[in-house]
Amino acid sequence: MTNVLLEKKGNIAVATINRPKALNALNSDVLTDLGELVDIVNADSEIRALVITGSGEKAFVAGADIGEMSTLTPEEGEAFGKHGNDVFRRIETLPIPTIAAINGFALGGGCELSMSCDIRICADTAVFGQPETGLGITPGFGGTQRLARLVGPGMAKQLIYTAKNIKADEALRIGLVNAVYPLEELMAAAEKLAETIAKNAPIAVRACKKAINDGLEVKMDDAIVIEEKLFGSCFKTADQIEGMSAFLEKRKHEPYQNK
Ligand code: CAA
């Protein structure tokens, strides 16, 4: 991968979108590398949480590549959207938790990439928006769907119809991000959050992600059954036995083994 750099640090990994000259804009090559990232992370059982960020100090991702999109036919446009959507859906459904560390512009496909992660934190310099209607298109990598689910349809419609950008404090206010940090503190905060997650029992953490994601797609009677089954699946795992034994024996649990 040349457009996405992956660095493992113990049980966490940091993926950096690496196309700084174009403010990390997502062309087909970057999307393909993001697909490869998913394959690598899925194949590595040591990675328990993934941070995604952008290279440089200016942009997380400034959107899908406008140069590449500018000459597409309707059929090619649909296929480009499908490429992005397929990759982002694979990121969204990675079994492990994902954190977007938004270090600057997160526009169009950049905002959409952050929304395919479980948790968003950002720098005080971050700027969010869905500028697509100003370019003559709709959001194409899930923005119409995930933004409405995250911040509610009224606010999502306002952002998408107006194509106006918002700053970090407004993103925090509407619940698009969980926290804002000075730019120079962002990555340390993201890694600390990932490490905190990675210390908890990985099977249980993955089950929680699946329960929340799958449960949100069905009605409550079915959703609680999803939780029951995943709750049950944690019992008799080595980590459940150790976690509960440690509590009962009033000691700190041994590091969880992902078993
Ligand atoms: N696609 C292609 N290239 C891009 C890009 C994009 N989305 N965003 C930035 N770049 C390129 C610029 O063309 C420029 O390249 P050159 O140096 O070769 O001219 C380089 O990155 C630096 O950008 P600027 O000179 O424009 O930097 P700036 O600081 O003046 O402005 C910005 C920064 C406000 C983010 C501005 O670059 C911008 O508005 N970018 C486009 C943002 C946008 O509209 N994104 C949505 C795209 S549509 C989409 O994403 C659809 C979808 O949902 C799938």
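The values are calculated or read from the model by the stated rules, or taken from the named source; none is laboratory data. Source: prediction; values computed, not measured. We place every Cβ from the backbone using ideal geometry, glycine too, and count neighbours over all the protein chains shown. Only protein heavy atoms, including side chains, enter the accessible area calculation; ligands, DNA and RNA are left aside. Shrake-Rupley method; radii C 1.70, N 1.55, O 1.52, S 1.80 Å.
Please find, in a Gaussian network model of the chain (springs between Cα atoms separated by less than 10 Å), the residue of LEU248, LEU31, LEU150 whose mean-square fluctuation is greatest. Among LEU248, LEU31, LEU150, the largest mean-square fluctuation in the Gaussian network model of the chain belongs to LEU248.
Surface composition of the chain: carbon plus sulfur atoms contribute 57% of the solvent-accessible area (1.4 Å probe, protein chains only, all chains present). Over the chain, with a Gaussian network built from C-alpha contacts below 10 Å, which listed residue (LYS164, LYS58, LYS21) shows the highest mean-square fluctuation? Evaluated over the chain, the most mobile residue of the options is LYS21.
The residues of segment 193-259 expose on average 72 square angstrom of accessible surface per residue, using a 1.4 Å probe on protein heavy atoms.
Using a probe of 1.4 Å on the protein chains alone, the accessible area found for LEU5 is around 80 Å². Residues ASP39, ASP169, ASP33, ASP118, sorted by accessible area with the largest first, give ASP169, ASP39, ASP118, ASP33 [1.4 Å probe; ligands and nucleic acids excluded].
For ASP65, nonlocal amide neighbours, meaning residues 5 or more places apart or on other chains whose placed amide H falls under 5 Å from its own, are LEU26, ASN27.
In terms of accessible area, using a 1.4 Å probe and ignoring ligands and nucleic acids, MET115, MET220 rank largest first as MET220, MET115.
Between LEU216 and GLU170, residue separation times 0.36 nm minus the direct Cα-Cα distance comes to 14.0 nm. The mean accessible area for residues of segment 1-121, using a 1.4 Å probe and ignoring ligands and nucleic acids, is 39 Å² per residue. Note on LEU183 and LYS8: the model spin-label points, each 7 Å out from Cα along the C-beta direction, lie 3.2 nm apart. Taking every DSSP helix (H) stretch of at least 4 residues in the chain, weighting each as -39,500 (n - 2.57) and dividing the sum by the residue count yields a mean residue ellipticity at 222 nm of -15000 deg cm²/dmol. Distance between the 7 Å Cα→Cβ label points at MET1 and LYS199: 2.7 nm. Rounded to whole numbers, the Karplus 3J(HN,Hα) couplings from phi for segment 241-257 are 5, 5, x, 6, 4, 4, 4, 5, 8, 6, 9, 6, 5, 5, x, 5, 9 Hz, using 6.51 cos²θ - 1.76 cosθ + 1.60 with θ = phi - 60°, and x at Gly and Pro.
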